[in-house]
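The values are calculated or read from the model by the stated rules, or taken from the named source; none is laboratory data. This is a predicted model, so every value here is computed, not measured. A quick note on method: Cβ atoms are made from the backbone with ideal geometry, for glycine too, and the neighbour counts reach across all protein chains shown.
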Amino acid sequence: MNTENQIAKNDNHNPFKDMGFIKFWIVSTVFWFSFPVSLVLCYLALGSVRTRHFVKALVHDFLQTLLIILMVVCVIVYGIYHYISGLF
């Protein structure tokens, strides 16, 4: 029973979340540049569980990047509106 709990705990642990920024950036860039082939190779090399963890980490990183870009654009638009509207 104890080994089943350890296996379930190891399946839930995502090793790609522990990866450093630069290393994950390089891996994700190579993955996206060769997307269809890299997904198949990732599935064959890492297996279904690790591939699912990797894709989940990539989606999380993508959504986080979109949120940061949206926030920066909102701040820039507000700044432009605030300073330009004072001129009229």
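Each row is one residue, and each column tells you yes or no for (1) acidic (D, E); (2) modelled with pLDDT of 80 or more; (3) in contact with a Leu (Cβ under 9 Å, 6 or more places away or on another chain); (4) on the phi > 0 side of the Ramachandran plot.
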position: S34; (1), (2), (3), (4): no, yes, yes, no
position: L41; (1), (2), (3), (4): no, yes, no, no
position: A45; (1), (2), (3), (4): no, yes, no, no
position: H53; (1), (2), (3), (4): no, yes, yes, no
position: D61; (1), (2), (3), (4): yes, yes, no, no
position: Q64; (1), (2), (3), (4): no, yes, no, no
Exercise. Do you know which residues across the range 30-45 are surrounded by fewer than 14 Cβ atoms within 10 Å (Cβ to Cβ) and either of a type outside the set (S, T, Y) or in contact with a Pro (Cβ under 7 Å, 6 or more places away or on another chain) (or both)?
Worked result: V30, W32, F33, F35, P36, V37, V40, L41, L44, A45
